[in-house]
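J.: Sending over a structure as structure tokens; questions will come in a sec.
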Amino acid sequence: MSAAAAGNAPDVCVVGGGLLGAAAAYFAARSGLRVVLLEEQELAAGASGAAFGGVSSMVFSYSETRVPDHYVQLSLASVRLFSELADELGPPLDYKVLGQIDPFFDETDRPFREERARGLREAGSPVELLSSEELHEIEPALTGDIAGGMWCATDGHVTPICAVWALADGARRHGAELRVGVRAEGLVVDGERVVGVRTSQGVVHAGCVIACGGAGTAALAQGVGLRIPLDLSRGQMVVTERIPRLLRTSLHNMQQTAAGTVVIGVTREPRADDVQSTPTGIREIVATAARLIPALGGVRVLRAWAGVRIVPAGGYPVFGRVDGVEGLLVCVMHRGITLGPIVGQILAELAAEGRTSWDLGPYSPARLADLPETVSVEESFYASH
Ligand SMILES: Cc1cc2nc3c(=O)[nH]c(=O)nc-3n(C[C@H](O)[C@H](O)[C@H](O)COP(=O)(O)OP(=O)(O)OC[C@H]3O[C@@H](n4cnc5c(N)ncnc54)[C@H](O)[C@@H]3O)c2cc1C
């Protein structure tokens, strides 16, 4: 894919100011490309603004014992890239390596967890299966009721909104233009090539369009005949009042901030596509948290919010080139906080050089061709977040 754009047109037009769009803009601008990013609302207005922020190579599902090695390796590469970004972008990224615990209560779960931990280790993730006593040494606030749990010392947490802002600011420092309040309304196509984006404020011509607009990407892709069937589900989150230091790790979608508040998630409400918090959802989150960390039982909820997970058919990410169409890269995924840096870097490579050393076959938009229009993604793919 050539980065050469005509005249003063940018090399790259990124659609979407979530974590994926900000990461793609950052890496593209850092590599010397001229970048324009379009965001119809505000930076982090979509799923990225609602997410918990787990950054994890301890990727698993509740229904499959083993997720594919390439997916673990993509996650692992992104976890590593977060540490590099923390050096480059500094404290505004708000990234911490805390380690992550995934506990289980029932001894009968052990064989399944052992197999899952072995699979993850074989794929390169440094996951260990620990006893209840070993986990208490790491996280003393945990209930004594757990039978054991998986532990990944290299997993981390990022405050997703801060990460979007830090990447967007970094992109701007490398010369990118961020146009907030500008909606991409369609692709401009010339023969078999996308040459720009029709926006609410005129046409933006570009050598390459990178569509990172979540559900907005699916709408844009229809303009070149690509269907991206999506499953939408609501996830609710809460943050508590400030309490004295209680948690050391990232634990089952819980993390205590430097200010002392505890961010806790998350509900999984299949096929719910609005962003309302509900009393039932809040109660469920608090009850699950208190079962694991009894000291959270009496702690008050300060605020609640919700977001919509946008999961492509099949559950795994969809990103890369579209067969038969030049000048367009698409990108839609769940777990986009973890995967944002590596996918943003790969998209920038494709925009600059037309190739990457990663095998993107498993994530190719072409695999969507034969799927039905509406999909329901297995519960398994919400498992981590
Ligand atoms: C409650 C919850 C918790 C989660 N927790 C985690 C977690 O802990 N770890 C993890 O890895 N993932 C998590 N996720 C998933 C993660 O949030 C998403 O995978 C990720 O944010 C997707 O980023 P994105 O940039 O692709 O999309 P988004 O963040 O949705 O960004 C898309 C942006 O594009 C803009 N846009 C859309 N259409 C257009 C258009 N036509 N023109 C211009 N702009 C447009 C939107 O306004 C939006 O800002 C969670 C999700 C939810 C809902």
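The values are calculated or read from the model by the stated rules, or taken from the named source; none is laboratory data. Computed from a prediction, not measured in an experiment: that's the story for all the values here. Reconstructed Cβ throughout: ideal geometry from the backbone, glycine too, with neighbour counts over all protein chains shown. These area figures cover heavy atoms from the full protein model, side chains too; ligands, DNA and RNA do not enter into them. Shrake-Rupley method; radii C 1.70, N 1.55, O 1.52, S 1.80 Å.
J.: Taking N as the number of residues in region 230-312, what is its Cα Rg relative to 2.2 N^0.38 Å?
T.: Values: Rg = 13.0 Å, N = 83, 2.2 N^0.38 = 11.8 Å.
Computed over Cα atoms of region 230-312, the ratio equals 1.11.
J.: Helix 19-30 versus the longest principal axis of the chain: what is the Cα-based angle in degrees, 0 to 90, to the nearest 10?
T.: Between the helix axis and the principal axis of the chain, the angle is about 50 degrees.
J.: At R242 and E114, where each label point lies 7 Å from the Cα along Cα→Cβ, what is the point-to-point distance in nanometres?
T.: Label at R242, label at E114, 4.7 nm between them.
J.: Between R80 and I138, what FRET efficiency follows from the Cβ-Cβ distance if R0 is 30 Å, with the result rounded to 0.05? Could the numbers behind the result be given before it?
T.: Details: r = 22 Å, r/R0 = 0.73.
Working from the Cβ atoms, E equals 0.85.
J.: Among L350, L302, what's the order by accessible area (1.4 angstrom probe), most exposed first? Please report the intermediate quantities before stating the final value.
T.: Working: L350 10, L302 105 Å².
Ranked from most to least accessible, the order is L302, L350.
J.: Give me the percent of accessible area attributable to carbon and sulfur for the chain, probe 1.4 angstrom. Please report the intermediate quantities before stating the final value.
T.: Working: 7720 of 15380 Å².
Result for the chain: 50 percent of the exposed heavy-atom area is carbon or sulfur.
J.: Sorted by accessible area (1.4 Å probe), largest first, how do D145, D102 line up? Walk me through the intermediate numbers first.
T.: On the way: D145 110, D102 5 Å².
Of D145, D102, the descending order of accessible area is D145, D102.
J.: Which of G16, L98, V35 sits farthest toward the positive end of the charge dipole of region 15-163, with +1 on the Cβ of Lys and Arg and -1 on the Cβ of Asp and Glu?
T.: Projecting each Cα onto the dipole axis, the largest value belongs to V35.
J.: Once you place label points 7 Å from the Cα toward the Cβ at R227 and T280, how far apart are they in nm?
T.: Placing both labels 7 Å along Cα→Cβ, they lie 3.1 nm apart.
J.: Quote the FRET efficiency, to the nearest 0.05, computed for E88 versus Q41 with a Förster distance R0 of 25 Å and r equal to the Cβ-Cβ distance. Could the numbers behind the result be given before it?
T.: On the way: r = 27 Å, r/R0 = 1.07.
Approximately 0.40, to the nearest 0.05.
J.: Relative to the Cα centre, what is the charge dipole magnitude of the chain, using +1 at the beta carbon of each Lys and Arg, -1 at the beta carbon of each Asp and Glu, and rounding to the nearest 20 debye? Write out the running numbers ahead of the final one.
T.: Details: 32 positive and 44 negative charges, 162 e Å.
Roughly 780 debye, rounded to the nearest 20.
J.: Further question on the same structure: Computed on alpha carbon atoms, what radius of gyration and Dmax characterise the chain, expressed in Å?
T.: 20.6, 66
J.: Fully extended, how many nm does the chain gain between E128 and E353 (0.36 nm per residue separation, minus their Cα-Cα distance)? Don't jump to the answer; show the numbers that get you there.
T.: On the way: separation 225, 0.36 × 225 = 81.00 nm, distance 3.87 nm.
In short, 77.1 nm is gained.
J.: Still on this structure, please answer the following. Just the number: Rg to Rh for region 100-153, Cα atoms, Kirkwood Rh, two decimals. Walk me through the numbers on the way to the answer.
T.: Working: Rg = 10.7 Å, Rh = 11.1 Å.
Taking Rh as the inverse mean 1/r over Cα pairs, Rg/Rh reads 0.96.
J.: Given labels modelled 7 Å from the Cα in the Cβ direction, how far is it in nm from Q201 to A259?
T.: Spacing of the two 7 Å Cα→Cβ label points: 3.0 nm.
J.: Between V180 and L302, what is 0.36 nm times their sequence separation minus the Cα-Cα distance? Round to one decimal in nm. Write out the running numbers ahead of the final one.
T.: Values: separation 122, 0.36 × 122 = 43.92 nm, distance 2.96 nm.
Value of the extension gain: 41.0 nm.
J.: Let me ask something additional. Give the angle, between 0 and 90 degrees and rounded to the nearest 10, that separates the Cα long axis of helix 160-173 from the longest principal axis of the Cα atoms of the chain.
T.: Helix 160-173 and the main axis of the chain meet at about 30 degrees.
J.: Could you compute the FRET efficiency for D106 and D323, with r as their C-beta to C-beta distance and R0 at 41 Å, rounded to 0.05? Mind showing how you got there, number by number?
T.: Values: r = 46 Å, r/R0 = 1.12.
For R0 = 41 Å, the calculated efficiency reads 0.35.
J.: Using a 1.4 angstrom probe and counting only protein chains, how large is the accessible area of C212 in Å², to 10?
T.: We get 10 Å² for C212.
J.: With unit charges on the beta carbons (Lys and Arg positive, Asp and Glu negative) and the dipole taken about the Cα centre of the chain, which residue among A147, T249, Y363 sits farthest to the positive side?
T.: Among A147, T249, Y363, the one farthest towards the positive end of the dipole of the chain is T249.
J.: Here's another thing I want to ask about it. Would you mind finding the longest exposed-site-free stretch of the chain, with exposed GluC sites (Glu not before Pro) meaning DSSP loop and at most 14 other Cβ atoms within 10 Å?
T.: Values: sites that count: E42, E192, E241, E373.
Result, exposed sites excluded: 43-191.
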